[in-house]
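Asker: Once you've had a glance at the structure underneath, I'll fire off some questions.
What follows is calculated from the coordinates using simple rules that are stated; it is not laboratory data. Keep in mind it's a predicted model, so treat the numbers as computed, not measured. Glycine also receives a Cβ, built like all others from the backbone with ideal geometry; neighbour counts cover every protein chain displayed.
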Amino acid sequence: MANREAGAAVYAISVVAELVGTGQQNIRLYERRGLLTPERTAGGTRQYSEGDLEVLRRIGKLLDEGLNLAGVAKVLELEAANARLAAELRRLRSR
């Protein structure tokens, strides 16, 4: 574990796989499908943040609920859009 920015934990893929209870190949598959994009070192080593862990846990939950990866991708996309709209609404209301 190292720091990418102040307070941001960074984990190797082996640690992440253990923490979220999935295989490293699954994590690589999710990355190939665009479901998450971990930071990388100059040498190309993946570095996963706490935020990445949250995304992986959400993916696992959605898969457990019966969605396929295409469905998971759509849910994550819609949740991100909803969060952006909610933030914009809060910003507009605070004026």
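Asker: Would you check if Thr37 is within 17 Å of Leu76 (Cα to Cα), of a type in the set (S, T, N, Q), surrounded by fewer than 16 Cβ atoms within 10 Å (Cβ to Cβ) and free of Cβ contacts under 8 Å to residues at least 12 places away in the same chain?
Answerer: Answer is yes for this residue.
Asker: Turning to a different aspect of this structure: Of all residues in the stretch 15-34, which are crowded, with 16+ Cβ neighbours inside 10 Å and touching a residue at least 40 places away in the same chain (Cβ under 8 Å)?
Answerer: Val16, Val20, listed by residue number.
Asker: Would you confirm whether or not the stretch 44-65 contains a residue that is exposed (fewer than 12 other Cβ atoms within 10 Å of the Cβ), more than 12 Å from the chain's Cα centre (by Cα), farther than 26 Å from Ala9 by Cβ and not hydroxyl-bearing (Ser, Thr, Tyr)?
Answerer: For the stretch 44-65, residues exposed (fewer than 12 other Cβ atoms within 10 Å of the Cβ), more than 12 Å from the chain's Cα centre (by Cα), farther than 26 Å from Ala9 by Cβ and not hydroxyl-bearing (Ser, Thr, Tyr): present.
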